[in-house]
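Structure record follows, encoded as structure tokens.
The values are calculated or read from the model by the stated rules, or taken from the named source; none is laboratory data. Model, not experiment: these values are computed from the prediction. Positions of Cβ are generated from backbone atoms using ideal geometry, with glycine treated the same way; all protein chains shown enter the neighbour counts. Side chains are part of the model used for accessible areas, which takes the heavy atoms of the whole protein and leaves out ligands, DNA and RNA. Shrake-Rupley method; radii C 1.70, N 1.55, O 1.52, S 1.80 Å.
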Amino acid sequence: MDTQTLDTEAVSAFLKDKLPGFDAPITATKFAGGQSNPTFKLETQAGTYVLRRKPPGQLLKSAHAVDREFRVQRALAGTDVPVAKMHVLCEDQNVIGSDFYVMDHVVGRNFNEPTMDGLTAPDRHAVIDDMNRVLAALHEVDIDAVGLSDYGPPGHYLERQVARWSKQYRASATQDIPSMNRLMDRLMSDMPADDGQRTLVHGDYRIDNMIFEPEGTRCLAVLDWELSTIGHPYADLASVIMQWQLPAGAQGRGLMGVDRVALGLPTDADFVAAYCDRRGLARIDRFGFYVAFCFFRMGAIIQGVLKRAIDGNASNPERAMQLGAFVPMFADNGLKALKSDK
């Protein structure tokens, strides 16, 4: 299935009466990112937009939910959580072969790695602090007021997530990885008691899913809401720390071995403390479990990306194959995080 091109004529025909500028020829350029849902920049005579679609082909149940992405971002408009303006959701697969939505193109800077090469130390510090501010604001959103109280089922979020991603992982497994099996078992057996916290969560909160001011350090939009739901806020916080514990560089995109003081970057503990201060929390118990959960979930996600590459449905096949090699490392890191759990 072709995920690299877009039927611009079909898109124009669908949108010509819904958005300005689509009654004339448009151009579509695929973004290199967007492993899960292929994403395109649409340039029209009236302005620039972004189209995000489900990939074609056989998909795992509940995956690639662009309708949920559209709903949550539209609900967050006007809150302290910056998002792109949503325009149109198309659930008619006859148009281009899968569901898609169109949103504003947010002009700004995207940092693929948390080292943010080229920035000064004070600017790095300011960017990460705003990342922290937005995360705390996300978890303070009144889900009833924005119409998202039914955006996720009630009950134990972590238990549901571990069960869901264990099922998804097994459905997309291409080899036996003993450490992933052990991690899944440990997460279920060592799970903390449900403390009743229920907030909106992003599900993949990290710096490369954010757009910042072209010349400043303030976040203009949080992107890629596919995994968002109503759940436990500490999972989002742990996902940031999880990424920072990965190797630095284009592959791991982490901070392992990086001199954070020299770069103006906070320690893991400082970032967690700033988050707690913003939300009025005294401390976070058993944080290692949440980090382990995030390593497991990301391992399951990239296993799915690898499976789509093997099946010919990946958005970026070469990148997908590279990512797939990291699944054992994510499992090992998850087991290490559990050992540090207190």
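A quick yes/no check of all residues on (1) in contact (Cβ under 8 Å) with a residue 40 or more places away in the chain; (2) within 24 Å of Gln245 (Cβ to Cβ); (3) open to solvent by 10 Å² or more (accessible area, probe 1.4 Å); (4) among the β-branched types (Val, Ile, Thr):
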residue: Gly108; (1), (2), (3), (4): yes, no, yes, no
residue: Glu113; (1), (2), (3), (4): yes, yes, yes, no
residue: Gly118; (1), (2), (3), (4): no, yes, yes, no
residue: Arg124; (1), (2), (3), (4): yes, yes, yes, no
residue: Asp130; (1), (2), (3), (4): yes, yes, yes, no
residue: Trp165; (1), (2), (3), (4): yes, yes, yes, no
residue: Tyr169; (1), (2), (3), (4): yes, yes, no, no
residue: Asp194; (1), (2), (3), (4): no, no, yes, no
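Residues in region 219-269 that are farther than 25 Å from Pro328 by Cα, open to solvent by 20 Å² or more (accessible area, probe 1.4 Å) and touching a residue at least 12 places away in the same chain (Cβ under 8 Å): Leu220, Leu223, Ala262, Leu263, Pro266. If you go through region 67-106 and keep only what is β-branched (Val, Ile, Thr) and open to solvent by 10 Å² or more (accessible area, probe 1.4 Å), you end up with Thr79, Val83, Val88, Val95, Ile96, Val106.
Of all residues in region 316-335, those satisfying the criterion of being farther than 23 Å from Ile241 by Cα and either touching a Gly at 6+ places or on another chain (Cβ under 6 Å) or free of Cβ contacts under 8 Å to residues at least 60 places away in the same chain (or both) are Pro317, Glu318, Met321. In the set (1) among the hydroxyl-bearing types (Ser, Thr, Tyr); (2) under 17 Å from the mean Cα position of the chain (by Cα); (3) part of a strand (DSSP E or B), the condition left unmet by Ser36 is number (3). Test Met131 against the stated conditions and say whether it is under 25 Å from Ala320 (Cα atoms), at pLDDT 95 or above and aliphatic (A, V, I, L, M). No, not satisfied. Scanning region 164-209 for residues that are aliphatic (A, V, I, L, M) and closer than 21 Å to Leu135 by Cβ yields Leu200, Val201, Ile207.
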